[in-house]
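Report on the structure given below.
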Amino acid sequence: MDKQTLRKQIRQLKRTFTPEQLREMSTPITATLLEHPRIKAANTILLYASLPDEVDTHCLMEQLLVQGKNILLPVVVGDHDLKICPYKPSSQVAQGPFGIMEPQADAFTAFDEIDVALIPGMAFDKQGNRLGRGKGYYDRFLGTVPHLYKIGVCFPFQQVTEVPADENDIRMDDVAVSTKNI
């Protein structure tokens, strides 16, 4: 199956769930992430502000902040790049070009201080291959920080047997998924 067909298939699957069901399905994934050894040991975590059809990260973000973790969020820059910005509850945020809430802050550039990155995707396989939304933002950024431990985050129906991967696609080190279904 090619990338476009797989994206279309996952989009159709996502539409079969209500926003409430997706939020409910996010709860055990959040619990799994909070218990992940890399996250427990981390000081600085690159996270993402979830879209309505993604694993909800808002509760996770709140809990990590309460634990004293430093949270970083991606901000879309132009047609090709991400900058990484610190996020705190007091941060000023604005809706970015894809409807994602983005902190309005100076760029964080000490990438070697990021302990773990939680990365969304349309689909993941057990080999760590990730299918994104097709713009390449995460692959380009992650290619600049090869040391970074990457955890893909997805719903159970987004874990597939095989994700078609190209040489520019960055593989995840782990994929956090819950087996709880509604």
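When the range 102-134 is filtered for residues that are crowded, with 20+ Cβ neighbours inside 10 Å, in contact (Cβ under 8 Å) with a residue 60 or more places away in the chain and within 13 Å of the chain's Cα centre (by Cα), the ones remaining, listed by number, are 116, 117, 118, 119, 120, 122, 123, 131. Taking into account only those residues within the range 16-51 that are surrounded by fewer than 18 Cβ atoms within 10 Å (Cβ to Cβ) and of a type in the set (A, V, I, L, M), which is farthest from residue 141 (Cα to Cα)? Filtering first and then ranking leaves 31. When the range 5-23 is limited to residues that are charged (D, E, K, R) and modelled with pLDDT under 95, the one that is nearest to residue 148 (Cα to Cα) turns out to be 23. In the set (1) buried (at least 19 other Cβ atoms within 10 Å of the Cβ); (2) outside any strand (DSSP E or B), residue 99 fails one condition alone, (1).
The values are calculated or read from the model by the stated rules, or taken from the named source; none is laboratory data. These numbers come from a predicted model, not from an experiment. Note: ideal-geometry Cβ built from the backbone for every residue, glycine included; neighbour counts use all protein chains shown.
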